[in-house]
Amino acid sequence: MARSGSGHPAHRSSGDGTLPGRPEPGGETGRITDALCARLPAELSPVVRAGIVFAIAELAREHDDPHGAARTHARWSDSAQPMQVRVASALAWLCLVDDPVPNSLHTPLDTLITDDLACLLDTVAWTAHVDDEKGLARTLDQLLNNAEPGVIDPGLRG
């Protein structure tokens, strides 16, 4: 994780800077996940915080971490977490489970996503990959409404 301590948030929030490559199965993944989880509360940049949440979820998905969904659920449902962590965790949870979207998930998404937060999260590598201008809105539309990639519901923010 050479870049995680980098002085510039743009370096720390890029997908290749947050996730240090593909770890081998086993202890390496757990060590990286633990390091990212430890870094999250200390991180000051909202964009980097969101990137860390997505990196943790990506590791959980790639390596079948049985605790990944519970970890992201705990973050999005915790009102003490910063809003970008809660929203990123909600998106991550949706990517990790096949469960129906619970009503309790709509509340943080509906109340926390402002235009400012949407602009901020649009710059995170994981949502920018979906669309470099409206990444959050397109990601939400695909996860919540099963929208086809490239088509956006005009009623969604972002």
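The values are calculated or read from the model by the stated rules, or taken from the named source; none is laboratory data. Fair warning: this is a prediction, and the values are worked out from it, not measured in the lab. Glycine gets a Cβ as well: all are built from the backbone with ideal geometry, and neighbour counts include every protein chain shown.
Of (1) of a type in the set (A, V, I, L, M, F, W, C); (2) modelled with pLDDT under 85; (3) under 18 Å from VAL48 (Cα atoms), ILE152 satisfies all except one. Which?
If we test ILE152 against (1) of a type in the set (A, V, I, L, M, F, W, C); (2) modelled with pLDDT under 85; (3) under 18 Å from VAL48 (Cα atoms), just (3) comes out false.
Are any of the residues in the range 81-95 surrounded by fewer than 20 Cβ atoms within 10 Å (Cβ to Cβ) and at pLDDT below 90?
Scanning the range 81-95 turns up at least one residue that is surrounded by fewer than 20 Cβ atoms within 10 Å (Cβ to Cβ) and at pLDDT below 90.
Scan the range 39-81 for residues that are without any contact (Cβ under 8 Å) to a residue 40 or more places away in the chain, among the charged types (D, E, K, R) and under 15 Å from VAL97 (Cβ atoms) and report the count.
Number satisfying all stated conditions: 5.
If we keep just the residues of the range 96-111 that are part of a helix (DSSP H, G or I) and within 29 Å of ASP64 (Cα to Cα), which is modelled with the highest pLDDT?
If we filter the range 96-111 for residues that are part of a helix (DSSP H, G or I), which is where we start, we get 96, 103-111.
In the following step, the residues that additionally are within 29 Å of ASP64 (Cα to Cα) were identified as 96, 103-109.
On the way: LEU96: 92, ASN103: 87, SER104: 88, LEU105: 88, HIS106: 86, THR107: 81, PRO108: 79, LEU109: 87.
Residue satisfying both the conditions and the ranking: LEU96.
Any residue that is modelled with pLDDT under 80, under 24 Å from SER104 (Cα atoms) and not basic (Lys, Arg) - is there at least one of those in the range 123-131?
Of all residues in the range 123-131, those modelled with pLDDT under 80 come to 125-131.
Applying the additional criterion that residues be under 24 Å from SER104 (Cα atoms) yields 126-127.
When the remaining residues are screened for being not basic (Lys, Arg), the result is 126-127.
Yes, the range 123-131 contains at least one residue that is modelled with pLDDT under 80, under 24 Å from SER104 (Cα atoms) and not basic (Lys, Arg).
If you go through the range 99-113 one residue at a time, how many are surrounded by fewer than 13 Cβ atoms within 10 Å (Cβ to Cβ) and either within 16 Å of THR139 (Cα to Cα) or among the small types (Gly, Ala, Ser) (or both)?
3
Considering only the range 55-73, how many residues are surrounded by fewer than 24 Cβ atoms within 10 Å (Cβ to Cβ) and either modelled with pLDDT of 95 or more or part of a helix (DSSP H, G or I) (or both)?
First pass over the range 55-73, keeping only residues surrounded by fewer than 24 Cβ atoms within 10 Å (Cβ to Cβ): 58-71, 73.
Next, from what is left, pick out any that are either modelled with pLDDT of 95 or more or part of a helix (DSSP H, G or I) (or both): 58-62, 68-71, 73.
Within the range 55-73, residues that are surrounded by fewer than 24 Cβ atoms within 10 Å (Cβ to Cβ) and either modelled with pLDDT of 95 or more or part of a helix (DSSP H, G or I) (or both) number 10.
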